[in-house]
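For reference, the structure is listed below as C-alpha cells.
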Amino acid sequence: MKIGKGAQVRTLLSSLVEGVVKKWRGRKTVRHKSDKAHFLNGQGTEFKKLGKGYWGSVSQFFTGNEGPLKVVKKIDIKNYSDKEVKILERLGGHEHCVSLEKEWRDDKYHYIGMEDAGLDIGRLVYRKHGAVGVYKKTNPFVALFRRGGGFRAIDEVKSEKLFFKSLLFQSLQGVGHMHEKQIVHRDIKPSNIMITPVGQVRVGDFGCATEVDQTTRFRGDIRYQPPETSKFRRGSYNEKSDIWMLGATMTEMLLGKSAIMGFFRIFPRSIQSIFRRIDKAEGAGLISRDTGELLKSMLAANPADRPSAQELLHHEYFQSDLEKLNQLKKAWGKD
C-alpha cells in the first residue's frame with residue numbers, strides 16, 4: 001500500500017517534533033538532577049521553579065520526608081554581584097529576615113542557597129488554581145484568605161485582625177533590623193513577604209537591597225513604587241520609601257489588588273485614590289479606623305510625614321495589644 005506525499009510529510013514532521021520534545025525533556029531532566037546534586041548531594045526528591053528574571057531563576061527543593069524545604073537562587077555568572085550575599089551576612093539570620101545557608105558556583109552560574117521561609121503573601125492572596133501548591137496542606141493560614149480579595153473578613157472580635165496586626169508587626173521588625181544596619185530593601189511587595197506554617201513572618205529577596213545614602217535610587221517593582229521616587233519627582237530612595245512599600249503591601253493584603261494597582265495594574269494609584277479606598281473599607285466595616293489611620297500614615301505622600309519602622313513598632317496600635325501579640329507568637333511556635 002502506497003503512502004501519499006501528504007501523509008509522508010505529516011509522519012516526518014511528527015517524528016521531528018517528537019525527537020525535539022524528547023531531546024528537550026532529556027536536557028531538562030539532566031539540568032534538574034544537576035541542580036539538586038549541587039545543593040543536596042543527590043538527596044532531593046522534588047523540584048519546583050518559583051520564578052525567573054534576566055539575572056537567572058529561583059527554585060524550590062524538597063529534601064525528603066524529614067528535611068526542610070530549601071530555596072536556591074541561580075544567577076548567571078555575567079549578572080552576578082556579591083552584594084546580596086554580603087547583605088544577607090550583615091543581617092545575620094534575624095528571625096524576620098530570610099537567612100543565607102550556603103553559596104557556591106560552577107562555570108555558568110552562581111548559586112545562593114537560602115531557607116524556604118514559607119508561603120508568600122502574593123501567592124496567598126492572589127493564588128490561581130494550584131499556585132499555593134504544597135502549602136495548601138502545610139500552611140493553615142491559607143484558609144484566612146480568599147482568592148484576589150484579601151482576608152475573608154476583618155472582625156474586631158475575632159482573631160483575623162490580631163493576625164493581620166501580627167503580620168505587620170513582624171514585618172516591621174524585619175524592616176527595622178535592616179534599617180538599623182543602614183540597608184534598604186527597595187523591593188518590598190506581597191511576593192517578598194513570607195509566612196511560615198507557624199505564623200512567623202520573614203522578609204525575603206534582597207536582590208535589590210543596598211546600603212542607603214543620598215544617591216540611592218529606586219530599583220524594585222514599579223507597581224509598588226513610592227511617589228517620591230517617580231521619574232517626575234526624581235527623589236532619592238531612603239528608609240521611609242521602604243515604609244511606603246510595606247504600607248502598600250499590607251493595604252493590598254487587606255483590601256485586594258485593586259486598592260493599590262492603577263492604570264492597567266502597571267503603576268500604583270494616586271495617594272488620594274488609595275486613601276479613598278481605605279476610607280470606603282472603614283465605612284463598610286471591613287477594617288477598623290485605627291488600622292486605616294496607621295496604613296495612611298505609612299502611605300503619606302511626603303516621606304517626612306511617614307513614621308520610621310521603630311516609631312511604628314512603638315505606636316499605640318501595637319502596644320495596646322503587645323501582650324496578645326507575644327502570646328499569639330508563642331502559641332504559633334508550639335504548633
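Values quoted throughout were computed directly from the atomic coordinates according to the rules given, and no laboratory measurement underlies them. This one's a predicted model, so the numbers in the text were calculated from it and none came from an experiment. Because the Cβ atoms are built from the backbone with ideal geometry, glycine has one as well, and the counts that use them run over all protein chains shown.
At-a-glance table
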{"read-out": "Which of Thr216, Thr229 has the fewest Cβ neighbours within 10 Å, and the rest in rising order", "value": "Thr216, Thr229"}
{"read-out": "Fully extended contour minus Cα-Cα distance, from Ile271 to Thr215, at 0.36 nm per residue", "value": "17.7 nm"}
{"read-out": "Dipole-positive endmost among Phe163, Asn192, Gln214 within region 162-223 (Cβ charges, Cα centre)", "value": "Phe163"}
{"read-out": "Estimated distance in nm for a label pair at Lys108 and Ser288, the labels positioned 7 Å out from Cα along Cα-to-Cβ", "value": "5.4"}
{"read-out": "Sorted peptide list for 109-116, 297-304, criterion being average Cβ within 10 angstrom, highest first", "value": "109-116, 297-304"}
{"read-out": "Calculated FRET efficiency for the pair Ser258/Leu162, C-beta based, R₀ 25 Å, to 0.05", "value": "0.50"}
{"read-out": "Sequence of Arg186, Arg217 once ranked by neighbouring C-beta atoms within 10 Å, starting from the fewest", "value": "Arg217, Arg186"}
{"read-out": "Amide H partners (placed H, <5 Å) of Lys48, local residues excluded", "value": "Gln60"}
{"read-out": "3J(HN,Hα) from dihedral phi, region 270-281, Karplus parametrisation 6.51/-1.76/1.60, rounded to Hz, x for glycine, proline", "value": "5, 4, 4, 5, 5, 4, 4, 5, 5, 4, 5, 5"}
{"read-out": "Entries of Lys48/Lys102; Lys161/Lys280; Lys49/Lys189; Lys161/Lys240; Lys161/Lys296; Lys165/Lys231 with Cα pairs more than 23 Å apart", "value": "Lys161/Lys240; Lys165/Lys231"}
{"read-out": "Label-point separation in nm, Leu50 to Glu89, each point 7 Å along Cα→Cβ", "value": "2.2"}
{"read-out": "Per-residue ³J(HN,Hα) for region 284-299, Karplus 6.51 cos²θ - 1.76 cosθ + 1.60, θ = phi - 60°, Hz, x for Gly and Pro", "value": "7, x, 6, 9, 7, 5, 5, 5, x, 5, 5, 4, 5, 5, 6, 9"}
